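Beneath this line is the structure, given in structure tokens, with notes to follow.
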Amino acid sequence: MALGLSEGLRVGVVGAGPAGAAFAGALLAAARAFGRRIEVFLYDGGRERAVVPPALLDSDTRCRLASLGAVLPLRPTAVEVRGVLVHAGGRSALLETPAGGLWILDSPELPGERIVKKVLLDAAVLRGARLKMARVDAVERLDDEWVLRARGSSETFGLVAGAFGPDSRLAGSWQQGRFRPPPRLLGSHARIAWHGRDDLLRLCLAPTPEVDALVVVPCGAGAYVLAIGEDVEPAHLAAALAALVRDRALPGGLRIQRAERVALAAGATKRFADGASVTLGSAAFGNLLDPGLLPALVSATRSANAVLELGESGRLQHRLGVTELDLAAHARRQPRILHWARKAGARAPEALSGLVAHAKMPVTGYSILGMPLLPSGAVLSTMRWAAFKSGLEHAFAPALVTAPEPVAPSPLVYVVDDDPDTRAMLVEFLRARGSSAKAFDDELSLLEAAARERPGAILLDVVLRWVDGLSLCRALRNHPATRSARLISMSNLSRRADREAAIAAGADAFLAKPIDFDELDKLLVDLPKRREGEATGGERQILTR
């Protein structure tokens, strides 16, 4: 089948994010330049996320956006980045960015990624793209054409482009099932509030055992936070933030505004095209340490150029496979960078600082966090060497055996519940029985406080705003500041399965709501005795009502 920009070619783009909109705009611009008439349909039916990231714009990204007719106003909403602060193992290093080289676009009314999507869509529609607000349910091959089914209707196309996310259910049937999506991680991201403004990006390596990296992108009076790891839940993100506040790598007084889990592509596919279909953006590759737009824009424009230049659809896969080699290599290096960075530990910040200091000339290729002097290949080599030196230090360092720190009983009780009436009632009861009590309505403020003052007991509601209370219970049981505290789980659900789930998550006891205060008083009296029994080898007992 002949492709190229043949007269009357109909193109369907599944996904109207930055990559899909950029591909549509670039294809229509090329068609106009060659005097060809084509039709491009953009399907925008993806699920709206609760957390939307800002846009990270380096100079290359801004140039590519301008070439697509998408000019972004940087002032007054954008923040010019002064540098990247790398933190690991209690050490930090500041990597300064070139003046005017990196901006963060965001606003309270419209997150940065949506701003970029809007200007790219406006530019594509101005060039003739047709926007369909419908979710694509299926993509099927029929003879020499593709059929897109959405909302009970169907359209036929000579070429289809996949610009869906890494968690799309279409990935399994894309290209008639021959497409293999990139490897995926389940991380978490959040919007947090803090006092004042900031102009530093932060890359925190291995802040907790569960989190491989925490990327903090400032925007206005808050920040966007991405926690990367094998299976990172919002509770792990909150624990990592609290640990960094404790280490003074982040300012205090943080508050989670919105949080959710997010699917992250952690590598690249080997099949960028198949017949008359192309795959681009996060559907084809994912860059864990590069939340910028440049790789997505490069992929979109390269795919459009390949369609323009090639006359036979069978050559698309070969052409795109060759041109996307650097993008794929960049994406595949980043999980390996995180692996070696964890092994490098406290040596990682110094190693990255040395890499930037010894750069003799501008480095071409894709960067990390928009830093032009941090190409992924050089970072991977640097992290391997730092990990090797760190391993030698540990191998020859004298072994220090320390006795476990005794945990003194504490009368302080923390109450975590998002219902203000329940919090007030529990605090009043605890203070009446002679206990010190502090109440929290979210998990981050709890963990931040626990890093400063360890509690003796924590009353924890199962249903919280941003995280599952059971996930938070597991995080508290593993957190250094709270692992020795008595955890009492509370819930309106009191089925046997609910009780067993709370105990399996690490709770010492379970209380059904409405709270029986006599039972709560017994638990607070009996649990210190149980702790003493554990210290002397006594058998663990679970107290539930």
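Odds and ends about this structure:
- Taking θ as phi - 60° and the Karplus parameters 6.51, -1.76 and 1.60, the scalar couplings of region 352-358 work out to 5, 4, x, 4, 5, 5, 9 Hz in sequence order, x denoting glycine and proline.
- Calculated P(r) tail over 18 Å for region 26-117, as whole % of Cα pairs: 62 percent
- With DNA, RNA and ligands ignored, accessible area of Arg135 (1.4 Å probe; Å², nearest 10): 130 Å²
- Surface composition of the chain: carbon plus sulfur atoms contribute 53% of the solvent-accessible area (1.4 Å probe, protein chains only, all chains present).
- Think of the chain as a dipole: +1 on every Lys or Arg Cβ, -1 on every Asp or Glu Cβ, centred on the Cα centre; then among Pro181, Leu320, Ser484, Leu320 lies furthest on the positive end.
- Model label sites at His195 and Glu500, defined 7 Å from Cα along the beta-carbon direction, differ in position by 4.8 nm.
- Where GluC sites (Glu not before Pro) in DSSP loops with at most 12 other Cβ within 10 Å are excluded, longest remaining stretch of the chain: 231-452
- Remark on Ile458: its backbone amide H falls under 5 Å from those of Tyr414, Arg486, Leu487, Ile488, a criterion applied only to residues 5 or more positions apart or on other chains, H modelled at 1.01 Å from N.
- Rounded to the nearest Hz, the phi-derived 3J(HN,Hα) couplings of region 13-20 under the Karplus curve 6.51 cos²θ - 1.76 cosθ + 1.60 (θ = phi - 60°) are 10, 8, x, 10, x, x, 5, x, where x marks glycine and proline.
- Which labelled figure in (1) 83, 54, 48; (2) 70, 65, 47; (3) 83, 58, 43 is Cα extents along the principal axes in Å, once derived from the coordinates: (3)
- ³J(HN,Hα), Karplus 6.51/-1.76/1.60, whole Hz, each residue of region 177-184, x for Gly, Pro: x, 7, 6, 10, x, x, x, 10
- A Cβ-based charge dipole, computed about the Cα centre of the chain with Lys and Arg at +1 and Asp and Glu at -1, lands at about 920 debye.
- Think of it as helices only: each DSSP H run of n ≥ 4 in the chain is worth -39500 (n - 2.57), and spread over all residues that comes to -11000 deg cm²/dmol at 222 nm.
- Extension reserve of the Val71-Asp421 stretch, reckoned as 0.36 nm per residue once the Cα distance is removed: 121.0 nm
- Cα-centred dipole magnitude for region 210-297, charges only on beta-carbon of K, R (+1) and D, E (-1), debye, nearest 20: 240 debye
- Simple spin-label estimate for Glu96 and Val322 in nanometres, 7 Å along Cα-Cβ: 4.3 nm
- For the chain, the relative contact order is 14 percent, taking Cα pairs closer than 8 Å that sit 6 or more residues apart in sequence and dividing their mean separation by the residue count.
- For Arg184, residues with placed amide H under 5 Å, excluding near neighbours: Ala266
- Extension gain for Arg258-Glu309 works out to 13.9 nm (0.36 nm per residue, less the C-alpha to C-alpha distance).
- Between Arg178 and Glu393, full extension at 0.36 nm per residue minus the direct alpha carbon distance yields a gain of 72.7 nm.
The values are calculated or read from the model by the stated rules, or taken from the named source; none is laboratory data. These numbers were taken from a predicted model, which means no experiment stands behind them. Heads up, the Cβs are rebuilt from the backbone with ideal geometry, glycines too, and the neighbour counts pull from every protein chain shown. The protein model used for the area step is the full one, side chains on, heavy atoms only, and it has no ligands, DNA or RNA in it. Shrake-Rupley method; radii C 1.70, N 1.55, O 1.52, S 1.80 Å.
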